1. Of all residues in region 305-341 being in contact (Cβ under 8 Å) with a residue 60 or more places away in the chain and of a type in the set (Asp, Glu), which is least open to solvent (accessible area, probe 1.4 Å)?
2. Within region 200-223, can you find the residues that are crowded, with 17+ Cβ neighbours inside 10 Å and either outside any strand (DSSP E or B) or not charged (D, E, K, R) (or both)?
3. Condition first: of a type in the set (Ser, Thr, Tyr) and part of a loop (DSSP other than H, G, I, E, B). Can you find one or more residues in region 128-147 that meet it?
4. Need pairs with beta-carbon distance below 8 Å; first residue of a type in the set (A, V, I, L, M) and within region 183-212, second open to solvent by 10 Å² or more (accessible area, probe 1.4 Å) and in a loop (DSSP other than H, G, I, E, B); sequence gap 6+ or separate chains.
5. Is at least one residue of region 399-406 farther than 30 Å from residue 483 by Cβ and assigned to a strand (DSSP E or B)?
6. Identify the single condition in (1) modelled with pLDDT of 75 or more; (2) more than 30 Å from residue 332 (Cβ to Cβ); (3) in a loop (DSSP other than H, G, I, E, B) that residue 521 does not satisfy, given that it satisfies every other one.
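The values are calculated or read from the model by the stated rules, or taken from the named source; none is laboratory data. Owing to the predicted nature of the structure, the values given are computational and were not obtained by experimental measurement. Backbone-built Cβ (ideal geometry, glycine too); neighbour counts: all protein chains shown. Side chains included, ligands, DNA and RNA excluded: accessible areas come from the protein's heavy atoms. Shrake-Rupley method; radii C 1.70, N 1.55, O 1.52, S 1.80 Å.
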Amino acid sequence: MEAPLVVSEGASFTLSCLVSVDSSVPLITRVRWFFSHPGGLHPLPNDPDPDPDQKENVTHQLLVPQAWDSGEYTCQASAWTMLRNGSWHRAAAGTSPPVSVRVTRDASDLAVSLNISVAPRVAEEPAELWCQVLGAPHLSVSWYFTPSQGQDSPILMGSQHQDGSLEVGGTYQMRLEQGALILSRRGPQNFILRLQWTNEEDRGHYHCTGTNWRQLRNQSWTPAGEASSAPVTLSWRSEGSSILVAARVITMVSAAGGMFEMMCTVQAQNLPFPQYSVQVTRKPPQEGAAPVMVISLSREGVLRRRPGALSNTMLEKGKEGAYLFRLYQAQNQDVGTYHCEISAWTQGGGGAWRRALNKTTNPVLLEFQTSGPVFNVSARSDSLSVYHGGRAEFWCIITIDGPAVEPDNLAFEVWWFVQRPGGGPSFLAAIDRSAQVQHGRRNSSSEVSLERVSDMEYRLRVYGCEEEDSGGHYCTITPWVRSHEGGWSQQEAVTSTSTPLSVRMDLLSAFRYPLLIGAGLSLLAGLLSCLIGYCSSRFCCKAPPVQEKRREHRRLMSMEMD
């Protein structure tokens, strides 16, 4: 058996088939080529037919333009002669011994090198790596990263396939979408990896792997070999990026109603050209209470307060890295610990801003002295029951324990409620510090009024009482005290005990109106009946006049007797 023909993958080669003809009549020879491999026997394109007058030995050649698979090649020859009727007859046929062809694939010719074209000096600066692959026309490159600490196995960052498509590792998908990771190709052999901005997690070793691809007969691609570059190290100054934040009291208030000021400062280290956003949060003194956002200032200078919060807070930027928080007329509900949550923003590749670091300052405590006055409230009524439709009066009386307070330095907000049997509390009326009165929704007949009788007394009146006005009536007050600094402080709300009210039915009053209405209706019905009878007799039932018979009046004549 002859030695196999060794051919490099993708190279061309030629096969020859010698056909000997021994005949005295003209013959035409035809040759067919076959390729045999473990997948089966496949026919190859035929060589053009030779000259019909050819009588000598004929050599047929087959040019294989590209060698892909190893296997055996054979040629089958047939001799044809023409009969007298013009038809062709196959006179002879034969098959040559097979020729073995072995296709070799050598990937050792790939030369892969990796260089750092842009090296960061500190974190947040860009980095760029170039991978050059030589020795094959169809190439793809995969990028791998091994962290300096914590992990020894390489992490796939991304792959650039031979058809131009990209594939990114799971941990780098978001960075690719944000434009922080860019994979590109410069020419047929140069592949580029660029980190638009780096962070501490990007410290480590990088290498690229080049793969040679070959195309099969069915137009699909399969890897033919690969080679990896030597690793390169990406690093910068050992000290990492950080921010130092702190909070301190500028003005502390000893009593409610004053102004509270807190200064928050930030200083960046190894962070190029940062900008900051600040958010002030308060943690209530209650156990387990969640922090509440008070006010925030964005990187662009946009001020935002908590939805529904009063506009008694301000946050403004002073000198670089200093932010002043003010709380005007601090109240009891403002007590707690305050923090500044500061975020540092840096501008990466493409001009996009991203949050690089975030840190919270030390807490600052805001609390008031508790030696102020103590307020008590009680509710009373002159009568615990009223007749239906009558008027009820309730009094809300306020007393003070502790240090005396001038009346001019006191103000109250008063709310009245009723607790009906079998139901929840219903709002009746309220009066605020500026004497503005607000009424709740009422029924069709009864009305309420609320007025301040003296400095410490408020009176509620209910007119036209109905059964719905029955129940326990109570008042809730919120005291406001003016401090020596001139600011008003809101105290804790206090609720009185409940005063019951029952609405009774007056029998005389209950039957008075029905009797009057009945008598009136009876009289009206009688008058109407009389009127109808008169009209009927006058116009409808009158009989025509009867004409009397005429009587003859005869005179009596005296008769004379003759």
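1. Residues of region 305-341 that are in contact (Cβ under 8 Å) with a residue 60 or more places away in the chain, as a first pass: 323-334, 338-341.
Then keep just the ones that are of a type in the set (Asp, Glu); that gives 334, 341.
Working: 334: 27, 341: 65 Å².
Checked region 305-341; the qualifying residue least open to solvent (accessible area, probe 1.4 Å) is 334.
2. At the first step, the residues of region 200-223 found to be crowded, with 17+ Cβ neighbours inside 10 Å are 202-204, 206-214.
If the condition is that a residue be crowded, with 17+ Cβ neighbours inside 10 Å and either outside any strand (DSSP E or B) or not charged (D, E, K, R) (or both), then 202, 203, 204, 206, 207, 208, 209, 210, 211, 212, 213 are the ones that fit.
3. In the first step, residues of region 128-147 are kept if they are of a type in the set (Ser, Thr, Tyr); the result is 140, 142, 144, 146.
After this cut, where a residue has to be part of a loop (DSSP other than H, G, I, E, B) as well, the list is none.
No, because not a single residue in region 128-147 is of a type in the set (Ser, Thr, Tyr) and part of a loop (DSSP other than H, G, I, E, B).
4. Within 8 Å, the pairs are 195/126.
5. As a first pass, look at region 399-406 and keep what is farther than 30 Å from residue 483 by Cβ: none.
No.
6. (3)
Residues are listed down the side, and each one gets a yes or a no for (1) modelled with pLDDT under 85; (2) over 29 Å from residue 137 (Cα atoms); (3) out of contact with any Asp or Glu (no Cβ under 6 Å at 6 or more places or on another chain):
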position: 165; (1), (2), (3): no, no, yes
position: 169; (1), (2), (3): no, no, yes
position: 177; (1), (2), (3): no, yes, yes
position: 186; (1), (2), (3): no, no, yes
position: 190; (1), (2), (3): no, no, yes
position: 193; (1), (2), (3): no, no, yes
position: 197; (1), (2), (3): yes, yes, no
position: 201; (1), (2), (3): yes, yes, yes
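Every residue, every condition in (1) within 23 Å of residue 492 (Cβ to Cβ); (2) in a strand (DSSP E or B), yes or no:
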site	(1), (2)
376	yes, yes
390	no, no
408	yes, no
413	yes, yes
433	yes, no
